[in-house]
Amino acid sequence: MPDLHPVKRALLSVSDKSGLINLGKALAAHGVELLSTGGSAKALRDAGLDVRDVADLTGYPEMMDGRVKTLHPAVHGGLLALRDNKDHLAAMDTHGIGAIDLVVVNLYPFEAAVAKGAAYPEIIENIDIGGPAMIRSAAKNHGFVTVVVDTEDYSQVIAELNAHAGQTTYALRQRLAQTAYARTAAYDTAVSTWMAEQVSETPRRRTFGGTLAQTLRYGENPHQQAAFYTDGSDRPGVATATQHQGKELSYNNINDTDAAFELVSEFAPENGPACAIIKHANPCGVATGSTMIEAYTRAFDCDRTSAFGGIIALNQILDGETAEAISGIFTEVVIAPGADADAMSIFGKKKNLRLLTTNGLADPALAKLAVRQVSGGYLVQDKDVGRITRDDLKVVTKRAPSDQELSDLLFAWTVAKHVKSNAIIYVKDGATVGVGAGQMSRVDSTRIAARKAQDMAEAMGLPAPLTQGSVVASDAFFPFADGLITAAEAGATALIQPGGSMRDDEVIAAADAAGLAMVFTNMRHFRH
């Protein structure tokens, strides 16, 4: 198998025409014969290049609305034939098959058709058949054939042809073959995932695919290699955001920023400003306000210590006043739907702060998959999009919550969905005032959240912790009355929890004895 192999004939058939003409001219300059189909052939001819139709090569016209055009021995024989195998060469000679040394194919835009919500028949027609077949044939024979599936790789091919008198190296062909197989795998993943959604059942086989967006400096720790891959969806968030300043995001930055943005997206902009501050994937402050600066300040006041070096997510456009306040402490990342000129100017002076804008919020009700790797496999589940309204709540105590308590209970419940279990959230007037997360015991989370509120009260010079007169959300039921009693001792007046414990009666009795209002949701929000 030679290291260098000449490119004498190329087949170009692309949906994305960007860079095609430049590539075609570069190939023609090296005397490469150009084969093509449909729109690609027309684009090359319009640029003044000589092109031979694949239909002329196969002796068959494109048929069945273009479904059949390259599935022919004249194409695949030219791709798969081993140039150093006498039997293969003899078969090519017998059947008049010419070698094809370069294949440039990018596939029908299936992912784009799904993303725009196209009708079922249109999506089916965007499933490419001939393209993946040619890609796989060329990639299998990468000892002799160069295959290109991404426009970003055109420049590499041109550079090699120029450097090696119209030849490519084995190292490039091998690398491009790997990329090609990953592309067809990701493409089939997109198709099979969409089909699984149509049949509404758990598929026997499940695949996952992605495209490299960023090679990261390291993972959660410096000794771990890491990279960031995108899945091709257009959901607003960290994967599709525009970064305006600051160094590249780290593994932990991306993870925390995603957590922050998914949480703040729960609060519709038309209902007023909201801010979420995240540290180590857990909220350390979430609040609403009449202005963005008020929402940020109230979120910050929940736990000023943990907010240092945190991630801030906003549900509305970042303004100058809020940007000025955020600049007062060290912040890793700020993510928002947009930022005005004043905010951009203020943040421009903070070179280590990353500003991301998303041009919208994520849809918190949009179903998608959550995937986690375990030893030997993957755990796959629907993303937790569970939501409740006042009508879903069941009052289980003698005292029903007041309107203000109900509003705060629903707010606390929304936040609890985004806090690691066991999650306990104290809320007062639309702002978290204590967060307990990730503890092995629910009562410990209750105590930690209350203690944080005490610490903040002392730091801010308040006469009493803001847990006085607050409400509490628990992501799962209270297995014993001790957690509820601890919340009452911290000053809570109402609680929201799923219910369903064997000791519900005991917990309800404790709530009644303390004069608390309590509602059950009949929904759990574990987040491990």
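Out of residues 5 or more away from residue 318 or on other chains, whose amide H comes under 5 Å of its own, with H placed 1.01 Å from N in the peptide plane?
Here the answer is 338, 339, 340, since their amide H atoms fall under 5 Å of that of residue 318.
Which value, in Å² and to the nearest 10, is the accessible area of residue 228 when all protein chains are kept and the probe is 1.4 Å?
Surface accessible to solvent at residue 228 totals approximately 40 Å².
Enumerate the amide H contacts of residue 245 below 5 Å, restricted to partners 5 or more residues apart or on another chain; note that Pro and chain-start residues carry no placed amide H.
Long-range HN contacts for residue 245: 355.
At 0.36 nm per residue, and after removing the present C-alpha to C-alpha distance, how many nm does the segment from residue 403 to residue 211 gain when stretched out fully? Walk me through the numbers before you get to the answer.
Values: separation 192, 0.36 × 192 = 69.12 nm, distance 4.81 nm.
Length difference between fully extended and current span is 64.3 nm.
Using θ = phi - 60° and the Karplus form 6.51 cos²θ - 1.76 cosθ + 1.60, what ³J(HN,Hα) does each residue of the range 381-389 get, whole Hz, x for Gly and Pro?
So the Karplus estimates, Gly and Pro as x, are 8, 5, 4, 6, 10, x, 9, 10, 10 Hz.
Which value at 222 nm does the chain reach when only helices count, each DSSP H run of 4 or more adding -39,500 (n - 2.57), with the total divided by all residues and rounded to the nearest 500 deg cm²/dmol? Could you put the intermediate results ahead of the total?
On the way: 19 runs with 198 residues, N = 528.
Here the helix-only value at 222 nm equals -11000 deg cm²/dmol.
Does anything in the range 483-514 have its amide N under 16 Å from the 7 Å Cα→Cβ label point of residue 394, and if so which residues?
What the label zone holds, given the 16 Å backbone N cut-off, is 496-509.
Can you list the DSSP H helices in the chain whose Cα atoms extend at least 24 Å along the helix axis and whose mean Kyte-Doolittle hydropathy is -1.0 or higher? Intermediate values should be presented prior to the final figure.
Details: long enough: 170-199 (43 Å, -0.24); 442-460 (27 Å, -0.60).
What comes out of the filter, once short or polar helices are dropped, is 170-199, 442-460.
Classify the range 482-528 as rounded, prolate or oblate from the Cα gyration tensor: take a ≥ b ≥ c as the square roots of its eigenvalues, call it rounded if a/c is under 1.5, otherwise prolate when a/b beats b/c and oblate if not.
On the way: a/c = 1.87, a/b = 1.44, b/c = 1.30.
Here the range 482-528 falls in the prolate category.
What nm distance separates the two modelled labels at residue 509 and residue 291, each placed 7 Å from Cα along Cα→Cβ?
5.2 nm
Using the Cα centre as the reference, give the magnitude of the dipole from point charges on the C-beta atoms of the range 178-226 (Lys, Arg: +1; Asp, Glu: -1; all else neutral), rounded to the nearest 20 debye.
On the way: 5 positive and 4 negative charges, 28 e Å.
In total the dipole reaches around 140 debye.
Using the beta-carbon distance between residue 129 and residue 84 and R0 = 45 Å, what value does 1/(1 + (r/R0)^6) give for FRET efficiency, to the nearest 0.05?
Once rounded, the FRET efficiency stands at 0.90.
By DSSP, what percent of the beta bridges with both residues in the chain are antiparallel, rounded to the nearest 5?
Details: 38 of 69 bridges.
Bridges in the chain are about 55 percent antiparallel.
Would you kindly state how much longer the chain becomes between residue 330 and residue 385 on full extension, computed as 0.36 nm times their sequence separation minus their alpha carbon distance, in nm to one decimal?
Length gained between residue 330 and residue 385: 16.6 nm.
Could you rank the peptides 507-513, 362-368, 102-108, 449-455 by their average count of other C-beta atoms within 10 Å per residue, with the highest value first? Could you put the intermediate results ahead of the total?
Numbers: 507-513: 18.6, 362-368: 13.4, 102-108: 24.6, 449-455: 21.4.
Highest mean packing first, the order is 102-108, 449-455, 507-513, 362-368.
Please give the charge dipole size of the chain, origin at the Cα centre, charges +1 on K and R Cβ atoms and -1 on D and E Cβ atoms. Round to the nearest 20 debye. Kindly include the intermediate steps, with their values, before the conclusion.
Working: 48 positive and 61 negative charges, 221 e Å.
Taking the Cα centre of the chain as origin, the dipole is about 1060 debye.
Under a crude label model (7 Å from the Cα following the beta-carbon direction), how far is residue 8 from residue 523 in nanometres?
In this crude spin-label approximation the distance works out to 6.7 nm.
State to the nearest 20 debye the size of the charge dipole of the range 124-166 about its Cα centre, where the only charges are +1 on K and R beta carbons and -1 on D and E beta carbons. Display every interim value, and only then the final one.
On the way: 2 positive and 6 negative charges, 53 e Å.
Once rounded to the nearest 20, the dipole reads 260 debye.
Given the Cα-Cα distance of residue 455 and residue 163 and 0.36 nm per residue of separation, how much length would full extension add, in nm? Mind showing how you got there, number by number?
Working: separation 292, 0.36 × 292 = 105.12 nm, distance 6.69 nm.
Extra length from residue 455 to residue 163 when fully extended: 98.4 nm.
FRET efficiency for residue 345 and residue 247, Cβ-Cβ distance as r, R0 = 30 Å, nearest 0.05? Could you put the intermediate results ahead of the total?
Working: r = 20 Å, r/R0 = 0.65.
The value I calculate is 0.95.
Given a 1.4 angstrom probe, I'd like the percentage of the accessible area of the chain that is carbon and sulfur, rounded to a whole number. Before the final figure, lay out each step's value.
Working: 12810 of 25070 Å².
Taking all protein chains in place, the chain shows 51 percent carbon and sulfur surface.
From zero up to wherever the largest Cα-Cα distance of the range 211-367 sits, split into 5 Å bins and tell me the percent of pairs in each.
Using 5 Å bins, I get a P(r) of 2, 10, 20, 24, 22, 13, 7, 2, 0 for the range 211-367.
Give the lysines reachable from residue 279 as a straight Cα distance under 25 Å; neighbours fewer than 8 places away on the same chain don't count.
Within the straight-line limit of under 25 Å, residue 279 reaches these lysines: 247, 349, 350, 351, 368, 383, 417, 420, 428, 452.
Among [x] 23.7, 70; [y] 29.6, 95; [z] 26.2, 90, which is the computed Rg and Dmax of the Cα atoms in Å?
Read-out taken from this structure: [y].
With a probe of 1.4 Å, find how much accessible area the chain has per residue, and write the answer as a whole number in Å². Kindly include the intermediate steps, with their values, before the conclusion.
Values: 25070 Å² over 528 residues.
Using a 1.4 Å probe on heavy atoms only, each residue of the chain averages 47 Å².
Put 403, 101, 340, 391 in order of accessible area, largest first, 1.4 Å probe: what do you get? Please report the intermediate quantities before stating the final value.
Details: 403 110, 101 10, 340 55, 391 145 Å².
Sorted descending by solvent-accessible area, the residues read 391, 403, 340, 101.
Could you tell me the center-to-center distance, by alpha carbons, between the range 244-265 and the range 282-349 in angstrom?
13 Å
Quick one: how many Å² of residue 332 are accessible to a 1.4 Å probe, rounded to 10?
50 Å²
Which distance in nm do the two modelled labels at residue 305 and residue 119 give, with both placed 7 Å along the Cα-to-Cβ direction?
For residue 305 paired with residue 119, the spin-label model returns 6.2 nm.
Excluding same-chain residues fewer than 8 positions from residue 398, which aspartates and glutamates have a Cα within less than 20 Å of its Cα?
Within the straight-line limit of under 20 Å, residue 398 reaches these aspartates and glutamates: 408, 482, 489, 504, 505, 506, 512.
With every protein chain left in place, what is the accessible area of residue 294 in Å² (1.4 Å probe, nearest 10)?
Approximately 70 Å² of residue 294 is accessible to the 1.4 Å probe.
Given H placed on each backbone N at 1.01 Å, which residues far from residue 495 in sequence or on other chains put an amide H within less than 5 Å of it?
472, 517, 518, 519
Please give the FRET efficiency for residue 365 paired with residue 45, using the beta carbon to beta carbon distance and R0 = 56 Å, rounded to the nearest 0.05. Before the final figure, lay out each step's value.
On the way: r = 49 Å, r/R0 = 0.87.
FRET efficiency, residue 365 to residue 45: 0.70.
The values are calculated or read from the model by the stated rules, or taken from the named source; none is laboratory data. Worth saying up front: this structure is predicted, and the values here are computed from it rather than measured. Counting neighbours? That spans all protein chains shown, and the Cβs are built from the backbone with ideal geometry, glycine included. Ligands, DNA and RNA are stripped out before the accessible areas are found, and what is left, the full protein with its side chains, is counted by its heavy atoms. Shrake-Rupley method; radii C 1.70, N 1.55, O 1.52, S 1.80 Å.
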